[in-house]
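Visitor: This is the structure, below, for whatever I ask next.
The values are calculated or read from the model by the stated rules, or taken from the named source; none is laboratory data. Note that the structure is a prediction, hence the values are computed from the model and not measured. All Cβ positions, glycine included, derive from the backbone under ideal geometry; neighbour counts span all protein chains shown. When the accessible area is computed, the model is the full protein with side chains, heavy atoms only, and any ligands, DNA or RNA have been set aside. Shrake-Rupley method; radii C 1.70, N 1.55, O 1.52, S 1.80 Å.
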Amino acid sequence: MRHPLRRPPTTAPGPATSPGPAVGPADGPAVDPALMRQVMGSFCTGVAVVTATGDDGEPAGMAVQSFASLSLDPPLVYFAPARTSTSWPRIRAAGRFAVNILAEDQTALSRSFAVSGGDKFAGVAWHPGGNGAPLLDGALATVECAVESELPGGDHTIAVGRVTALHRPREAGPLLYFRRTYGVYGAHAA
């Protein structure tokens, strides 16, 4: 059975063959944002906190779910802050940041950094990394980066960082996020 969105090639496949026209949202009905949020929430993600030290010397940070490795050569990672984020402009201006991958027992820390405004670092133990960005104590792992590029991504920005240092200070399970709920990896669940 042929997939309904795939079009058969008009010529024999080969290196010079280009794919048919793209089929996507512009060709079909509008996508309901609430349904998209619900469906995409079915994809389990890890949770990380991106941190930097602002020009004023104060730490800045935000929780992200959209973080991943992008390339090994050169070593690149990316995350996607909302265009409405007030933390991302401070992190971008710093030019360097750290991605703190949270461990299974750091739900409260994730919630602290997920809110807008306020002192997100109140009561949070951290130390400066080699690039000056805050490394959160107890994180499962940290990735120090320099801002490489920024690309448009709809109502988000795709921020690409060049990895400058890696740390894996702790053996524990990851903090997971699934359907708007925190959880832990099955092998580590009590």
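Visitor: Sort out which residues of region 40-57 are open to solvent by 60 Å² or more (accessible area, probe 1.4 Å) and at pLDDT 85 or above, and write them in order of number.
Guide: Those that are open to solvent by 60 Å² or more (accessible area, probe 1.4 Å) and at pLDDT 85 or above: Asp55, Asp56.
Visitor: Another question about this same structure. Just for region 164-188: of the residues that are open to solvent by less than 50 Å² (accessible area, probe 1.4 Å) and over 14 Å from the mean Cα position of the chain (by Cα), which one is modelled with the lowest pLDDT?
Guide: That would be Gly183.
Visitor: Also, quick follow-up: Does region 36-67 hold any residues that are closer than 13 Å to Leu135 by Cα and not aliphatic (A, V, I, L, M), and which are they?
Guide: Thr51, Thr53, Pro59, Gly61
Visitor: Note down all Cβ pairs under 6 Å where the first residue falls in region 119-145 and is over 21 Å from Val77 (Cα atoms), the second is small (Gly, Ala, Ser) and crowded, with 22+ Cβ neighbours inside 10 Å, and they're at least six residues apart or on different chains.
Guide: Short answer, once both residue conditions are applied: Lys120/Gly61.
Visitor: I'd like to check something: does region 146-160 contain any residue that is in a loop (DSSP other than H, G, I, E, B), farther than 22 Å from Tyr78 by Cα and among the acidic types (Asp, Glu)?
Guide: Our first condition is that a residue be in a loop (DSSP other than H, G, I, E, B); within region 146-160, this holds for 154-155.
Adding the requirement that they be farther than 22 Å from Tyr78 by Cα leaves none.
For region 146-160, residues in a loop (DSSP other than H, G, I, E, B), farther than 22 Å from Tyr78 by Cα and among the acidic types (Asp, Glu): absent.
Results for (1) open to solvent by 60 Å² or more (accessible area, probe 1.4 Å); (2) touching a residue at least 60 places away in the same chain (Cβ under 8 Å); (3) aromatic (Phe, Trp, Tyr), shown as yes or no for each residue.
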{"position": "Pro59", "(1), (2), (3)": "no, yes, no"}
{"position": "Met62", "(1), (2), (3)": "no, no, no"}
{"position": "Ser71", "(1), (2), (3)": "no, no, no"}
{"position": "Leu76", "(1), (2), (3)": "no, yes, no"}
{"position": "Pro81", "(1), (2), (3)": "no, yes, no"}
{"position": "Pro89", "(1), (2), (3)": "no, no, no"}
{"position": "Phe97", "(1), (2), (3)": "no, yes, yes"}
{"position": "Asn100", "(1), (2), (3)": "no, no, no"}
{"position": "Ala103", "(1), (2), (3)": "no, yes, no"}
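Visitor: Determine which single condition Val99 fails, assuming it passes every other condition in (1) modelled with pLDDT of 95 or more; (2) assigned to a loop (DSSP other than H, G, I, E, B); (3) within 21 Å of Thr45 (Cβ to Cβ); (4) of a type in the set (Val, Ile, Thr).
Guide: All conditions are met except number (2).
Visitor: Let me confirm something: among Gly130, Gly117, which residue is open to solvent by 70 Å² or more (accessible area, probe 1.4 Å) and either touching a Pro at 6+ places or on another chain (Cβ under 8 Å) or not in a strand (DSSP E or B) (or both)? So that I can check it myself, show each step before the final result.
Guide: Working: Gly117 fails: open to solvent by 70 Å² or more (accessible area, probe 1.4 Å).
Only one candidate passes the filter, namely Gly130.
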